[in-house]
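Colleague: For reference, the structure I am asking about is given below.
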Ligand code: PMV
């Protein structure tokens, strides 16, 4: 059976950095995110007795050997669960560049999990799909449920999964993704996170996360944009300070990243409510309310050196679609 899934990338408002268990991808802390409407992956999967190995293809790009290994590993988890030995034909495409901190691994492993289980005729609950997506890439578990999402770090594999806090149409926010660099990042998040405990700051950050989660959930509940934005920006900076103080230091920002961060602070001083957040790459996500999208976009256009801008709304989670890629 051939099945196709579409899964959104997600942007974390309270982020995770560092794992308590590398193999099971259990995080050191819980996190909160929102699915993105325009940054997504579409993946078609078909298992077949006629294949002699997994055939995996990325349309419009190429997977590295390491990436292929990771996808095969995820397929093996799925084959084990389903008690099948067939190899799979997998074709996938992204609407945005992978490896640039725009979370292609999150949407990628979420789409793969949904398509692969469906292709095997196995119906899983949202919680089970979230757990399987997590085994491929931690943050992928947050791309399974709808809208605004919480990932509980859990104690073991069965308790570490994501669920929806609010549907996609709960709050009309915008995530304006500014791409300043399309190159693959030099250190993957999987590798980078292994060094988290070399930072003198990691413990304090992890200890502070439960309180931040409670605060951001209160601001979501009240739709208090100022408090919400301040918490988002603060946690982004906290996570990057941990990364930057690791040995060896991980600095994902470049000059354009810093220029946009400074510009956002300046725009805000002049009365425009917009905040930034950044994942493991130089690209910047601007968070604002729908009413301010036009003004923020006008300001963004005045910043030199931007390659691409993508305006995302909050989105539903991973789901099956009927348009196959092969
Ligand atoms: O999902 P991973 O293991 O590739 O890690 C991604 C971590 C960050 O994007 C940097 C933060 C987050 O919570 O999304």
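Colleague: Tell me the residue from 153, 127 that is within 16 Å of the ligand (Cβ to nearest atom) and touching a residue at least 24 places away in the same chain (Cβ under 8 Å), please.
Modeller: Among 153, 127, only 153 is within 16 Å of the ligand (Cβ to nearest atom) and touching a residue at least 24 places away in the same chain (Cβ under 8 Å).
Colleague: Next up: Considering only region 262-280, state which residues are crowded, with 19+ Cβ neighbours inside 10 Å, within 26 Å of residue 16 (Cβ to Cβ) and in contact with a strand residue (DSSP E or B) (Cβ under 9 Å, 6 or more places away or on another chain).
Modeller: Matches in region 262-280: 264, 274, 275, 276, 277, 278, 279.
Colleague: Going by what's in this entry, would residue 69 be described as more than 28 Å from residue 150 (Cα to Cα), within 16 Å of the ligand (Cβ to nearest atom) and out of contact with any helix residue (DSSP H, G or I) (no Cβ under 6 Å at 6 or more places or on another chain)?
Modeller: yes
Colleague: Can you tell me which residues in region 13-27 are under 16 Å from residue 190 (Cβ atoms) and either more than 11 Å from the ligand (Cβ to nearest atom) or outside any loop (DSSP other than H, G, I, E, B) (or both)?
Modeller: 19, 20, 21, 23, 24, 26, 27
Colleague: So which residues in region 187-219 are part of a helix (DSSP H, G or I), in contact (Cβ under 8 Å) with a residue 24 or more places away in the chain and more than 25 Å from residue 105 (Cβ to Cβ), if there are any at all?
Modeller: Listed by number, the residues that qualify are 208, 210, 217.
Colleague: Taking region 13-24 only, how many residues are in contact (Cβ under 8 Å) with a residue 24 or more places away in the chain and more than 14 Å from the chain's Cα centre (by Cα)?
Modeller: 5
Colleague: Tell me, yes or no, whether region 28-43 has at least one residue that is surrounded by fewer than 16 Cβ atoms within 10 Å (Cβ to Cβ), within 16 Å of the ligand (Cβ to nearest atom) and assigned to a strand (DSSP E or B).
Modeller: no
Colleague: Now a separate question. Mind checking which residues of region 231-282 are more than 23 Å from the chain's Cα centre (by Cα) and either part of a helix (DSSP H, G or I) or without any contact (Cβ under 8 Å) to a residue 12 or more places away in the chain (or both)?
Modeller: Across region 231-282, the qualifying residues are 255, 259, 262, 263, 265, 266, 267, 268, 269, 270, 271.
Colleague: Taking region 171-192, which residues are farther than 30 Å from residue 225 by Cα and within 13 Å of the ligand (Cβ to nearest atom)?
Modeller: Residues satisfying the conditions are 185, 187, 188, 190, 191, 192.
Colleague: Every residue in region 1-12 that is more than 9 Å from the ligand (Cβ to nearest atom) and either under 23 Å from residue 172 (Cβ atoms) or under 10 Å from the mean Cα position of the chain (by Cα) (or both), please.
Modeller: Correct list: 6, 7, 8, 9.
Rule-based calculations on the coordinates, nothing more; no lab input. Treat the numbers as computed from the prediction; the structure is a model and nothing was measured. Using ideal geometry, Cβ is built from the backbone for each residue, glycine included, and neighbour counts are taken over all protein chains shown.
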